[in-house]
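Read-outs: derived from the displayed coordinates by stated rules, not from any lab. Because the structure is a prediction, the values reported are computed rather than measured. All Cβ positions, glycine included, derive from the backbone under ideal geometry; neighbour counts span all protein chains shown.
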Amino acid sequence: MRHSFSWLTGAVLVICIAGLTQAQDQASRENIVAEWASSAHADAAAEAFTHWNDEGEIPDRCALCHAGAGLRSFYGFDGSTAGEVPALPTGGVVDCDTCHVAGAMTIAEVRFPSGTMLSAPFGNGTCFTCHQGRQSGPGVATALEGKEDDTVDPEIRFLNPHYKAAAATMHGGVAQGMYEYPGKDYADLYAHAPEPLCTSCHSPHSLEVQTEALCSACHRVDDPKAIRVSTADFDGDGDTAEGIHGEIATLHAQLGAAILDYGRDTAGTPVVYSAGRYPYFFTDTDADGEEDEGEAAYPNRYASWTPRMLRAAYNYQFVAKDPGAYAHNPDYVLQVLIDTLEDLTGSTGSALIRPE
Ligand SMILES: [Ca+2]
Ligand SMILES: [Ca+2]
Ligand SMILES: [Ca+2]
């Protein structure tokens, strides 16, 4: 009797636990769907998913990253030949199956725009594939081969690194996402503890940086922009309490100003930057250093590039379009910004400190 009672209790308990786990699974699944639905990946109205609506299809060279079906086709997860992506109908987003279709979590290697194949830890190959940019330092060098550093060349066009190339930033000198100056050493994959993985900081569903859950054990700040471990005053502004974000922001602003000076004084045509308008650099028609109405229009795109100026503009844009650069690989970004300033202005002044 005692025996069968405890057997019964045990059985009921097992059933209860199974029921509970199922309910919890259900709840966590609903949570995940809600988190994903509120994220940029699900935002069907975003420019990144509606850009081709007028044409009715996403061209083959864009579809890989601008619809989940593009990634599935690229890796052959949909049964098609791997390595190719057809033009796709508009209307796709980064849906669940982009990352959960069989094979996606275990993508082992990803090719970057520099041509380098890099290994991808579990669950991160999808992120590396789409957030790698579309241009590279070696690509910039090739486009400028054989040209004189300070000679205006009407054949030179602005090369856009593309947007939010976090995986290229994070891999630093191994991916060569930014233009790197000959003879200098650059930081490789960001040596961050915990492991530098997209998913060790971002929720793969809400995409948010999990500050409370994943950073507070080591960094005692709410705002990632305030995080600082380094002691050096990289940007030479006398402030060593600002987050590493502030060190990068100051250097980035200095580079922006140096590009305007170079355009006016060396290339001989004033230039202005417009963060929201392709191709971003325009002729500053009234030479006031500001973007005025009508200036940021495609026909007025800057057309007096020299090789030195293009390299600087490319690096400037790369950082402008990776708002997480300070967390993705601060050492690499500081190194490149300081080298770019030095190349463009002939000296960085003694105040700047280049990370080793
Ligand atoms: Ca500082
Ligand atoms: Ca600063
Ligand atoms: Ca102007």
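Take every pair of alpha-carbon atoms less than 8 Å apart whose residues are at least six positions apart; their mean separation over the length of region 183-312 yields a relative contact order of 12 percent. In terms of its alpha-carbon gyration tensor, region 38-96 comes out oblate; a/c meets the 1.5 threshold, while b/c is at least as large as a/b.
Taking 32, 58, 338 in turn, the Gaussian network model of the chain (Cα-Cα springs below 10 Å) assigns the largest fluctuation to 32. Available extension along the chain between residue 208 and residue 53 is 53.0 nm, counting 0.36 nm per residue and deducting the alpha carbon span.
Listed by chain and number, the lysines whose alpha-carbon sits under 18 Å from that of residue 225, ignoring those within fewer than 8 places in the same chain, are 164, 321.
Given C-alpha coordinates of the chain, what is the ratio Rg to Rh with the Kirkwood estimate of Rh? Checking Rg against Rh, the ratio lands at 1.06. Stretching the chain fully between residue 32 and residue 145 yields a gain of 35.8 nm (0.36 nm per residue, less the alpha carbon separation). For residue 191, neighbours were defined as the other residues whose beta-carbon sits under 13 Å from its Cβ, and their charges (Lys and Arg +1, Asp and Glu -1) total -4. Listed values for region 267-282 are Karplus-derived 3J(HN,Hα) couplings in whole Hz (6.51 cos²θ - 1.76 cosθ + 1.60, θ = phi - 60°), namely 6, x, 9, x, 10, 9, 9, 10, 4, x, 10, 5, x, 6, 10, 10, and x replaces Gly and Pro. A Förster radius of 45 Å, combined with the Cβ-Cβ distance separating residue 46 from residue 350, puts the computed FRET efficiency at roughly 0.50.
With a ≥ b ≥ c the root eigenvalues of the C-alpha gyration tensor of region 204-293, is it rounded (a/c under 1.5), prolate (a/b larger than b/c) or oblate? Oblate, because a/c is 1.5 or more while a/b does not exceed b/c.
By the gyration tensor of its Cα atoms, with a ≥ b ≥ c the square roots of the eigenvalues, what is the shape of region 226-353: rounded for a/c under 1.5, prolate for a/b over b/c, or oblate? Prolate, because a/c is 1.5 or more and a/b exceeds b/c.
Comparing 33, 85, 110 in a Gaussian network model of the chain where C-alpha atoms under 10 Å apart are linked, the largest mean-square fluctuation is found at 33. Our coupling estimate for region 209-220, obtained by passing each phi through the Karplus curve with A = 6.51, B = -1.76, C = 1.60 and θ = phi - 60°, is 6, 7, 4, 4, 6, 10, 10, 5, 4, 10, 10, 8 Hz, Gly and Pro reported as x. Report the residue, chosen from 62, 198, 99, that carries the largest GNM mean-square fluctuation when the chain is represented by alpha-carbon nodes joined by springs under 10 Å. Among 62, 198, 99, the largest GNM mean-square fluctuation belongs to 62. FRET efficiency for the residue 122 to residue 290 pair, using the beta carbon distance and R₀ = 56 Å, is estimated at 0.70.
Close amide H contacts of residue 88 (hydrogens built in the peptide plane, cut-off under 5 Å, sequence separation of 5 or more or a different chain): 58. 3J(HN,Hα) couplings calculated from phi for region 139-146 with the Karplus curve 6.51 cos²θ - 1.76 cosθ + 1.60 (θ = phi - 60°) are, in sequence order, x, 5, 4, 4, 5, 9, 4, x Hz; Gly and Pro show x. Entry note, the chain: the mean residue ellipticity at 222 nm calculated from DSSP H runs of n ≥ 4, each adding -39500 (n - 2.57), is -11000 deg cm²/dmol after division by the residues and rounding to the nearest 500. Considering only DSSP states other than H, G, I, E and B, which trypsin sites (Lys or Arg not before Pro) in region 178-260 qualify as loop sites with at most 11 other Cβ atoms within 10 Å? Sparse-neighbourhood loop trypsin sites (Lys or Arg not before Pro): 220.
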